[in-house]
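Structure record follows, encoded as structure tokens.
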Amino acid sequence: MKRYFALAIHSEAGWLLEQRPSAGLLADLWMMPLINRDELAETTLMTDEIQLAADQFAASTGLNVAFADAGVKMVKHTFTHQQWQLTILAADSEPVALNYLPAQWVNDFDRVALPTVQKKLNAALGIQ
């Protein structure tokens, strides 16, 4: 089982979605940024783990946002060869330009190609 934080970042421009790499699992599809929890330093406190995730996200994107547990049920998704367990972290952001990232602010989820796992994240958050 792979454990991830799904980063639900919202601004007045919409929800931040990243385009997955063009090769591999979920190639070229759009979804919320993921942080692999198993790659974070060992910690016993959830608040510390959330801060490590925020630091990793800031280092890779240049976006500094304060995350908190979204307070929704964990999302589980099974592929043919692996299972993902996603804890959703939420944050508000300014609608910064994302020209330097394979990412965009999205309000209309029907205009981007979403994997089923992203649709499950949206359902958990109560968005479209």
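The values are calculated or read from the model by the stated rules, or taken from the named source; none is laboratory data. Since we're looking at a predicted model, the values are computed, not measured. Here the Cβ is made from the backbone with ideal geometry for all residues, glycine too, and neighbour counts use every protein chain on show.
Values for this structure:
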item: Meets criteria (of a type in the set (Phe, Trp, Tyr), in contact (Cβ under 8 Å) with a residue 12 or more places away in the chain, buried (at least 18 other Cβ atoms within 10 Å of the Cβ) and out of contact with any helix residue (DSSP H, G or I) (no Cβ under 7 Å at 6 or more places or on another chain)) for PHE57; result: yes
item: Set GLU18, GLU42: member being of a type in the set (D, E, K, R), assigned to a loop (DSSP other than H, G, I, E, B) and either modelled with pLDDT under 95 or closer than 24 Å to PHE109 by Cα (or both); result: GLU42
item: Residue pairs meeting the criteria (Cβ under 7 Å; at least 6 apart or on separate chains; first more than 16 Å from ARG20 (Cα to Cα), in region 98-115; second modelled with pLDDT of 90 or more and surrounded by 13 or more Cβ atoms within 10 Å (Cβ to Cβ)); result: ASN107/GLY14
item: Sole exception among (1) in a loop (DSSP other than H, G, I, E, B); (2) surrounded by 11 or more Cβ atoms within 10 Å (Cβ to Cβ) for ALA97, by number; result: (2)
item: Filter pass, ALA124 being assigned to a helix (DSSP H, G or I), modelled with pLDDT of 90 or more, more than 22 Å from PRO21 (Cα to Cα) and among the small types (Gly, Ala, Ser); result: yes
